[in-house]
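Read-outs: derived from the displayed coordinates by stated rules, not from any lab. Note that the structure is predicted; figures quoted are calculated from it, not measured. Because the Cβ atoms are built from the backbone with ideal geometry, glycine has one as well, and the counts that use them run over all protein chains shown.
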Amino acid sequence: MSEPRQVDIRCHVDDRGFLYQVFQEGQEFFSTVRRIYVVGNFGKGTIRGFHKHLKESKCYFVINGAAKFVVVSENGRIMSFVLSSRNPSLLVIPPGYEHGWVSLDENTTLIGLSDKTLEESLRDDYRSDPMKYGKDVWEVKPR
């Protein structure tokens, strides 16, 4: 099984503004897109999770705001990733990993890419309590 990973996106900036490409056919880390959807949270601190898919791969990209993603392997290893519209990147989630996210900004919006149709995804959807691993997995830790 491959590991979840965060992939940086190159942003091109000039005097007109900016441009970056979220996805292109043939990318080795996520080769098939069958569905693209948008999810948004109105308020900072809103949690979406946990869920997993045993067959579906997903990829997430934050287009507005920032989000902390919590990803848990089958053996219980907890990983966290921060995605922000200020530093474009993709988070690739292979099948079998529980995952969810919490908004770090107001009005956080993300794009989800999936290698399955909605019908296939719903048949492969396993949900669990967002506090399953404790509320501290969602908190921002002082550093």
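Within the shell of other residues whose beta carbon sits under 13 angstrom from the beta carbon of T108, the net charge comes to +2, with Lys and Arg scored +1 and Asp and Glu -1. So if R0 is 25 Å, what FRET efficiency would T117 and V7 give, r being the distance between their Cβ atoms, rounded to the nearest 0.05? After rounding, the FRET efficiency stands at 0.60.
Here Y126 and N87 are evaluated by their C-beta separation; at R0 = 30 Å the FRET efficiency comes out at 0.45.
List the GluC sites (Glu not before Pro) within the stretch 1-92 that DSSP assigns to loop and that have no more than 11 neighbouring Cβ atoms inside 10 Å. Loop-located and lightly packed - E25, E28, E74. Note on the chain: with a GNM built from Cα contacts shorter than 10 Å, the maximum mean-square fluctuation among F18, F42, F30 falls on F18. The calculated 222 nm mean residue ellipticity attributable to helices in the chain amounts to -1000 deg cm²/dmol, summing -39500 (n - 2.57) over DSSP H runs of n ≥ 4 and dividing by all residues. Candidate cross-link partners of K44 among the lysines, defined by an alpha-carbon separation under 29 Å and a same-chain spacing of 8 or more, comprise K52, K58, K68, K132, K135, K141. Where does the charge balance sit around K44 when Lys and Arg score +1, Asp and Glu -1, over other residues with C-beta under 9 Å from its C-beta? Local net charge: -2.
For the stretch 67-143, the alpha carbon positions stretch 40, 28, 18 Å along the principal axes, listed from largest to smallest.
Comparing Cα centroids, the stretch 41-81 and the stretch 112-143 end up 5 angstrom apart. Once the convex hull of all Cα atoms in the chain is built, its volume per residue stands at 127 Å³. Relative protection proxy for 7-13, 49-55, from highest mean packing down: 49-55, 7-13 (other beta-carbon atoms within 10 angstrom).
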